[in-house]
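Below: the structure, in structure tokens.
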Amino acid sequence: MPLCFFFIVLVSSGFAKSEAFLPRWLHACSLFRKRPKLQGRVASSPALLGELGRLLTSPEDKSSRLPLPADGTEFLKAVDILDGPSSIPAVIQENTWENFCRLRRLKIDAEFKVKQSF
């Protein structure tokens, strides 16, 4: 998902209404790029990448159809910690943070789908 779309979401949500918008924007971009590393068997298995992407984007269905190795469950826990309420910066409102996390999860899912196809 292009960052210009993310910029539109931030502007429309009231994130850009102060004078200190640019430093906040740069901070938000660095948070958007931040994600845990995926290592081990999971990174090389197309089926497991697809399953991780599905689990990331469907918060209501957390039951895995495939047995996930420890690397996969650690990755999901690390993403949950990144998206948790303790990680919200003081300059971002809670509803903006929820949209931000949803977009980041969709981007990670899209990256997994690209890796799946190779």
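The values are calculated or read from the model by the stated rules, or taken from the named source; none is laboratory data. Only a predicted model underlies this, so the values are computations on that prediction, with no experimental measurement involved. All Cβ positions, even for glycine, are placed from backbone atoms using ideal geometry, and neighbour counts span all protein chains on display.
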Return the residue satisfying two criteria in turn: it lies in region 75-89 and is assigned to a helix (DSSP H, G or I) and in contact with a helix residue (DSSP H, G or I) (Cβ under 9 Å, 6 or more places away or on another chain), and of such residues it is surrounded by the fewest Cβ atoms within 10 Å (Cβ to Cβ).
P85
Just to check your reading of the model, which residue among G40, G53 is at pLDDT below 80 and touching a helix residue (DSSP H, G or I) at 6+ places or on another chain (Cβ under 6 Å)?
G40
Could you say whether any residue in region 48-60 is loosely packed, with under 14 Cβ neighbours inside 10 Å, in a helix (DSSP H, G or I) and either under 16 Å from the mean Cα position of the chain (by Cα) or not acidic (D, E) (or both)?
no
Of all the residues that make up region 109-118, how many are at pLDDT below 90 and either under 10 Å from the mean Cα position of the chain (by Cα) or assigned to a loop (DSSP other than H, G, I, E, B) (or both)?
2
Picked from region 30-47 (must be aliphatic (A, V, I, L, M) and not in a loop (DSSP other than H, G, I, E, B)), the residue surrounded by the fewest Cβ atoms within 10 Å (Cβ to Cβ) is A47
